Amino acid sequence: MPAAVRYLGIDPGLRFTGWGVIEQSGSALRHIADGTIASTSSLSLAERLVEIEAGLQAVLAAHDPAHVAVEQAFVARDASAALKLGQARGIALLVPSRAGLPVAEYAPNHIKKAVVGAGHADKAQIRLMVGMLLPGARMKSEHAADALAIAICHAHSGAGNDRLAAALQKAGA
């Protein structure tokens, strides 16, 4: 049986950053943990980003993932909110990268299509499908469910591409 590989999915946000850790062994997926990092709204933007950074560092230390995937930003109606989301995404990309982990990014529609089969699935459909793919998972929030979906998406698509690229490089192609 192949060695189990851990994946961390991150759903970045300034108010709530969801995270989810899964393990893949062969084609089997197993829920490890999930949660939400909530920043304190009364703090300055810089202090809130530090809270997100500390929370993600704690997740990495506790769960030791081999691969990380982060949801790409989508265009928001409010420019100020889009900028704040971008800053939270920067922390979500920086923390695992600084830890030496490979970080992939996926568009929301790609994640939905990979997990639900439809690129325009709603939050309830995502949560239902994540629950079916990870029996026994009790997601603590919609942000955690989204993060688990991101991890599942990467386990199904991105990590296989990483292994193929490594094998081709090793073979000298």
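Each value in this text was obtained by applying a stated rule to the coordinates, not by laboratory testing. In this text the structure is predicted, and so the values were computed from the model without any measurement. Heads up, the Cβs are rebuilt from the backbone with ideal geometry, glycines too, and the neighbour counts pull from every protein chain shown.
Relative to the longest principal axis of the chain, what angle (0 to 90°, nearest 10) does the C-alpha long axis of helix 159-170 take?
On a 0 to 90 degree scale, this one is about 60.
Order by neighbour count: S39, S25, fewest other Cβ atoms within 10 Å first, most last.
Least to most surrounded, the residues fall as S25, S39.
Is the range 8-131 best put as rounded, prolate or oblate by its Cα gyration tensor, with a ≥ b ≥ c the root eigenvalues, rounded for a/c under 1.5, and otherwise prolate when a/b is larger than b/c, oblate when not?
Because a/c hits 1.5 or more and a/b fails to exceed b/c, the range 8-131 counts as oblate.
Helix 45-63 sits at what angle to the longest principal axis of the chain, using alpha carbons and giving 0 to 90 degrees rounded to 10?
The two axes meet at around 30 degrees.
Nothing charged except the Cβ atoms of Lys and Arg (+1) and of Asp and Glu (-1): what's the magnitude of the dipole of the range 26-107 about its Cα centre? Round to the nearest 20 debye.
Charge dipole of the range 26-107: 100 debye, to the nearest 20.
With +1 on each Lys and Arg Cβ and -1 on each Asp and Glu Cβ, how big is the dipole of the chain about its Cα centre, in debye rounded to the nearest 20?
Approximately 220 debye in magnitude.
So what's the net charge close to V70: Lys and Arg +1, Asp and Glu -1, counting the other residues with Cβ under 10 Å from its Cβ?
-2
I need to check one value: relative contact order of the chain, counting alpha carbon pairs closer than 8 Å and at least 6 residues apart, in percent.
Computed over the chain, the figure is 30 percent.
What value, in deg cm²/dmol to 500, does the helix sum -39500 (n - 2.57) over DSSP H runs of n ≥ 4 give at 222 nm once divided by the residues of the chain?
Here the helix-only value at 222 nm equals -15000 deg cm²/dmol.
Want the number for S80 to S41: 0.36 nm per residue separation, take away the alpha-carbon distance, what's left?
Here the answer is 12.5 nm.
To make sure I understand, if each residue's beta carbon is the centre and we count other beta carbons within 10 Å, what order do M139, M129 fall in, fewest to most?
Fewest to most other Cβ atoms nearby, the residues stand as M129, M139.
Please determine, in degrees from 0 to 90 and to the nearest 10, the orientation of helix 79-98 with respect to the longest principal axis defined by the Cα atoms of the chain, where the helix direction is its Cα long axis.
Computed tilt is about 50 degrees.
Among S44, G13, P65, whose Cα lies farthest out toward the positive end of the dipole of the chain, if unit charges sit on the beta carbon of Lys, Arg (+1) and Asp, Glu (-1)?
P65
Starting with the highest mean, order 29-36, 56-63 by the number of other Cβ atoms within 10 Å, averaged over the residues of each peptide.
The most tightly packed comes first, giving 29-36, 56-63.
Order of V50, V116, V68 from fewest to most other C-beta atoms within 10 Å?
Sorted ascending by nearby Cβ count, the order is V50, V116, V68.
Restricting to the chain, compute how many DSSP beta bridges are antiparallel as a %, nearest 5.
Restricted to the chain, the bridges split so that about 70 percent are antiparallel.
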